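J.: Mind having a look at this structure? Questions to follow.
No lab work stands behind these numbers, since they all come straight from the coordinates. Fair warning: this is a prediction, and the values are worked out from it, not measured in the lab. All Cβ positions, even for glycine, are placed from backbone atoms using ideal geometry, and neighbour counts span all protein chains on display.
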Amino acid sequence: MTPAGFVFELSGGALCLDFVNTVDNRPTPERKELLNRYEDLLAWARQAGAITARQAEVLERKATRRPREAQSVLDGARAVRETLFALFSAAFAGRRLPSTELASLNRAVAAALERLRLSPRPGGRARWTWDEDPALERPLWPVLRSATELLTSDDLARVGECAADTCAWLFLDRSKNRSRRWCDMTVCGNRDKVRRLRQRQRGNRRRRVMTPRA
């Protein structure tokens, strides 16, 4: 469910899948891009918890000063998104992960992981944190880490793809028998129910018309 005041639907169950789902109607000619500006990327990252509100403010000011760089980062983020879709869609279909997309992801991951740091935490242990440098690529770093974790975990077998012909959003199927078919039952699931009901109604009407009267 989308919280009040937010605009992105976060039903993927993993940060990287929610990022992949920033396209509506992906398999259709009416494909709708949801990340049209760098500010949209910030808004998504803020809502998804990839960055804080303070970080979003800093990055928005920097993007205003460097619009060309911000556009380049946005273009790169959308390219990463399509790479992730190709990989996770292949995993869902039981196909071998495409080597070209894996190579592209490896390059993006290598650049992101250069910003990952170990920091001390209470109890004598350490924790992973991101470099505080306000790089415009900052919203993408947690996405890439999420993708590597999912691609190398047993949960990869739980990646599903919405069964709606117009959707193709991805999600983690946490159901016991892995029977989830829709990104959101209240959206695509209900649409499919309505579509099937209308098909049955049309079929019933045709049968009534064709049945001869006594």
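J.: Decide, for the range 54-140, between rounded, prolate and oblate: order the square roots of the alpha carbon gyration tensor eigenvalues as a ≥ b ≥ c, take rounded if a/c falls under 1.5, and otherwise choose prolate if a/b is larger than b/c, else oblate.
T.: oblate
J.: Sorted by packing (mean other beta-carbon atoms within 10 Å per residue), highest first, where do 156-166, 24-34, 10-20 land?
T.: 10-20, 156-166, 24-34
J.: Pop the C-beta distance of Thr28 and Glu132 into the FRET formula with R0 = 41 Å and round what comes out to the nearest 0.05.
T.: About 0.50, to the nearest 0.05.
J.: Does the range 3-42 classify as rounded, prolate or oblate by the C-alpha gyration tensor (a ≥ b ≥ c root eigenvalues; a/c under 1.5 gives rounded; else a/b over b/c gives prolate, otherwise oblate)?
T.: On the way: a/c = 1.67, a/b = 1.23, b/c = 1.35.
Oblate.
J.: FRET efficiency for Arg121 and Ser99, Cβ-Cβ distance as r, R0 = 30 Å, nearest 0.05? Intermediate values should be presented prior to the final figure.
T.: Working: r = 38 Å, r/R0 = 1.27.
Efficiency at R0 = 30 Å is approximately 0.20.
J.: Let me ask something additional. Sort the range 15-183 into rounded, prolate or oblate with this rule: let a ≥ b ≥ c be the square roots of the eigenvalues of the Cα gyration tensor; rounded if a/c is under 1.5, and if a/c is not under 1.5, prolate when a/b is larger than b/c, oblate otherwise.
T.: Judged from the Cα gyration tensor, the range 15-183 comes out oblate (a/c at least 1.5, b/c at or above a/b).
J.: Please work out how much length the chain gains when fully extended from Asn36 to Arg181, using 0.36 nm per residue of separation minus the C-alpha to C-alpha distance, in nm with one decimal.
T.: Result: 49.3 nm gained on full extension.
J.: By average Cβ neighbour count within 10 Å, what is the ranking of 66-72, 122-128, 94-100 from highest down?
T.: Ranking the peptides 66-72, 122-128, 94-100 by packing returns 66-72, 94-100, 122-128.
J.: Related question: Under the 0.36 nm per residue contour assumption, what length would be gained going from the current alpha-carbon distance of Glu114 and Arg61 to full extension?
T.: Numbers: separation 53, 0.36 × 53 = 19.08 nm, distance 2.38 nm.
Value of the extension gain: 16.7 nm.
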